[in-house]
1. Just one of I62, I95 is under 26 Å from F249 (Cβ atoms), open to solvent by less than 80 Å² (accessible area, probe 1.4 Å) and hydrophobic (A, V, I, L, M, F, W, C); which is it?
2. Name every residue in the range 168-216 that is part of a helix (DSSP H, G or I) and touching a residue at least 60 places away in the same chain (Cβ under 8 Å), in order of residue number.
3. If you scan the range 148-160, which residues turn out to be in a helix (DSSP H, G or I), out of contact with any helix residue (DSSP H, G or I) (no Cβ under 6 Å at 6 or more places or on another chain) and crowded, with 17+ Cβ neighbours inside 10 Å?
4. Evaluate the following for F197: is it of a type in the set (F, W, Y), closer than 29 Å to R110 by Cβ and touching a Leu at 6+ places or on another chain (Cβ under 6 Å)?
5. If you check every pair at least six apart or on different chains, which have Cβ atoms under 6 Å apart with a residue in the range 230-243 that is open to solvent by 10 Å² or more (accessible area, probe 1.4 Å) first and a residue that is modelled with pLDDT under 85 second?
6. Name the residues in the range 89-147 that are of a type in the set (S, T, N, Q), in a loop (DSSP other than H, G, I, E, B) and under 20 Å from the mean Cα position of the chain (by Cα), would you?
7. Going by what's in this entry, would R219 be described as in contact (Cβ under 8 Å) with a residue 24 or more places away in the chain and closer than 21 Å to L143 by Cα?
8. Can you tell me which of Y55, Y34 is at pLDDT below 90, of a type in the set (S, T, Y) and open to solvent by 70 Å² or more (accessible area, probe 1.4 Å)?
Amino acid sequence: MLRSLRNALSSLKSSIARGLSETLASIATREIRYEDVMKKADELILRLVESDVAYEVAEEIIRGVAKKLDGSRIGRLEDLEGFVEEKLRETIMDILSRGVWKGDLQSMARERRPLKIVFMGVNGVGKTTTIAKIARYLSQKGLRVLVVAGDTFRAGAQEQLAIHCSRLGIPFFRGKYGADPGAVVFDAIRHAEKNRFDVMLIDTAGRQHTDRDLIDEIRKIIRISKPDLRILVLDSLTGNDAINQAREFDANVGVDAVILTKMDANASGGSAISIIASIGKPIAFIGVGQGYDDLKPYDPRDIMERIFSQTSS
């Protein structure tokens, strides 16, 4: 009987203590509601858009932050805007971290001779220069690289690649203008196998991503080459159009990784968030200039710094 009474008293004390603690907590803190965050939505979305994050992606991010914070508590004197800012940074860093490419071209080339990489992208994104940069990057690691001109359509396309390869001392394989790109790639593969090249970098025609002939042509090249990697080259300055390109190429021919160009001219870096969030593909490299060595592995911390230095300016 005495023991039961002691247990009851102990339970009562614990209950009172919990109640007191909860009361004090409710007095000292306040609950964040979804609506509290969304009142600031327009301002937050605009900040991200100004950093080149696509509007629809920015909107989705802010809604996600609001849902995550709904029902959480902060101190009554704590700054709500500062708290939301912190959670926004965490959310963006999480997205950017998902974009890290875990591949290693050097290791892949050692395992799959020749490693076949197909490059895709519309005209003007810097695809030709990017192929030259990758060729230099791999050749400096002691790999034998063959660049293949799979664009037999655009006048001057092969000459541009040929000039880069000549400057770099990289072997170059080409066909006649108007020739079947698939046939050119087929012959290039036989040449690479016979001469024991480590890597093949295959260029493709760069017309608009909505061009059905282009898509069919790339599909044929992919069917013939059976590439180890399909890399989409995107211009980081083109904003929403980069997302449209990414979605079209991924839906029609498949994308394994992305290279973002012209990041030297784009202080914000928000396009990286848009690409990762829209198609869920990693970013292998970013281009930071016109020189052959102006190629960097993607680093989410660098992009994070660019975005928030822009939004706070």
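The values are calculated or read from the model by the stated rules, or taken from the named source; none is laboratory data. The structure displayed is predicted, hence computed values, not measured ones. Cβ atoms come from the backbone with ideal geometry, glycine included; neighbour counts cover every protein chain shown. To get the accessible areas, we keep the full protein, side chains included, count just its heavy atoms, and leave off ligands, DNA and RNA. Shrake-Rupley method; radii C 1.70, N 1.55, O 1.52, S 1.80 Å.
1. Details: I62 fails: under 26 Å from F249 (Cβ atoms).
Of the residues listed, the single one that is under 26 Å from F249 (Cβ atoms), open to solvent by less than 80 Å² (accessible area, probe 1.4 Å) and hydrophobic (A, V, I, L, M, F, W, C) is I95.
2. Taking the range 168-216 first, the residues part of a helix (DSSP H, G or I) are 168, 181-194, 212-216.
Hits for the range 168-216 are L168, I189, A192, E193.
3. To start, the set of residues in the range 148-160 that are in a helix (DSSP H, G or I) comprises 157-160.
Retained after the next criterion (residues that are out of contact with any helix residue (DSSP H, G or I) (no Cβ under 6 Å at 6 or more places or on another chain)): 157-159.
Of everything in the range 148-160, those that are in a helix (DSSP H, G or I), out of contact with any helix residue (DSSP H, G or I) (no Cβ under 6 Å at 6 or more places or on another chain) and crowded, with 17+ Cβ neighbours inside 10 Å turn out to be A157, Q158.
4. Numbers: of a type in the set (F, W, Y): yes; closer than 29 Å to R110 by Cβ: yes; touching a Leu at 6+ places or on another chain (Cβ under 6 Å): yes.
Spelling it out, F197 is indeed of a type in the set (F, W, Y), closer than 29 Å to R110 by Cβ and touching a Leu at 6+ places or on another chain (Cβ under 6 Å).
5. L237/N266; G239/D52
6. Start the filter on the range 89-147 by keeping residues that are of a type in the set (S, T, N, Q), which leaves 91, 97, 106-107, 123, 128-130, 139-140.
Subset that is in a loop (DSSP other than H, G, I, E, B): 123, 140.
If the condition is that a residue be of a type in the set (S, T, N, Q), in a loop (DSSP other than H, G, I, E, B) and under 20 Å from the mean Cα position of the chain (by Cα), then N123 is the only one that fits.
7. Values: in contact (Cβ under 8 Å) with a residue 24 or more places away in the chain: yes; closer than 21 Å to L143 by Cα: no.
So R219 fails the test.
8. Numbers: Y34 fails: open to solvent by 70 Å² or more (accessible area, probe 1.4 Å).
Just a single option satisfies the conditions, and that option is Y55.
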